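What follows is a short report on a single structure.
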Amino acid sequence: MSSVSQILRSHSLRVTDSRNAILEVFFQREVALSESEIESALLHNCDRVTIYRTLSTFLEKGIVHKVLDDAGAMKYALCPTDCLEGHDHHHDHIHFKCEVCGNTSCVEQVRIPAIQLPVGYKLTEVNVLLQGICPRCN
């Protein structure tokens, strides 16, 4: 696994305390996180605007991707370290929400089949969420 500083540098980002702290939360938790979950994990040492801007930058650079959960809440998950800028990573795998612990995680091993839309439609995002019991809670 790459260090936080290496990930930031490999995506042409300056290493800052806020960026380091937010990435560390993703590595510690290993599940999809909402902005409020990140803020709580940082013990409110980062303000919401900084977290929002950092997540937007991480999305743009391919460090994280969006995950929509069953309540419609937006969460973010860490991308594999080989994801590049402009990635379509979020189009190719499912997300799984555990009904016991409530955690949402990426399941990279299960691929979403290619979807052919009618002429005139343009696909920008795909969210497939399965629910059940995760291995930790099973």
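The values are calculated or read from the model by the stated rules, or taken from the named source; none is laboratory data. Bear in mind that the values here come from a model prediction, so they are computed numbers and not experimental data. Cβ atoms come from the backbone with ideal geometry, glycine included; neighbour counts cover every protein chain shown. Surface areas here come from the heavy atoms of the whole protein model, side chains and all, with no ligands, DNA or RNA. Shrake-Rupley method; radii C 1.70, N 1.55, O 1.52, S 1.80 Å.
A compact table of results
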{"quantity": "First in region 93-116 and under 14 Å from ARG136 (Cα atoms), second anywhere and open to solvent by 90 Å² or more (accessible area, probe 1.4 Å) and assigned to a strand (DSSP E or B), Cβ under 8 Å, 6 or more apart", "calculated": "PHE96/GLN131; LYS97/GLN131; CYS98/GLN131; GLU99/GLN131"}
{"quantity": "Residues within region 1-29 that are of a type in the set (A, V, I, L, M), touching a Leu at 6+ places or on another chain (Cβ under 7 Å) and part of a helix (DSSP H, G or I), tallied", "calculated": "4"}
{"quantity": "Strands (runs of 3 or more DSSP E) within region 82-138 that include 2 or more residues open to solvent by less than 50 Å² (accessible area, probe 1.4 Å) and at pLDDT below 90", "calculated": "93-98, 104-111"}
{"quantity": "Residue count for region 39-75, restricted to those that are under 16 Å from LEU8 (Cβ atoms) and either touching a residue at least 40 places away in the same chain (Cβ under 8 Å) or not basic (Lys, Arg) (or both)", "calculated": "14"}
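Yes or no, residue by residue, for (1) exposed (fewer than 14 other Cβ atoms within 10 Å of the Cβ); (2) within 22 Å of LYS97 (Cβ to Cβ); (3) of a type in the set (S, T, N, Q); (4) modelled with pLDDT of 90 or more:
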{"site": "VAL4", "(1), (2), (3), (4)": "no, no, no, no"}
{"site": "ARG19", "(1), (2), (3), (4)": "no, no, no, yes"}
{"site": "LEU23", "(1), (2), (3), (4)": "no, no, no, yes"}
{"site": "SER34", "(1), (2), (3), (4)": "no, yes, yes, yes"}
{"site": "ILE38", "(1), (2), (3), (4)": "no, yes, no, yes"}
{"site": "HIS44", "(1), (2), (3), (4)": "yes, no, no, no"}
{"site": "ARG48", "(1), (2), (3), (4)": "yes, no, no, yes"}
{"site": "LEU55", "(1), (2), (3), (4)": "no, yes, no, yes"}
{"site": "VAL67", "(1), (2), (3), (4)": "no, yes, no, no"}
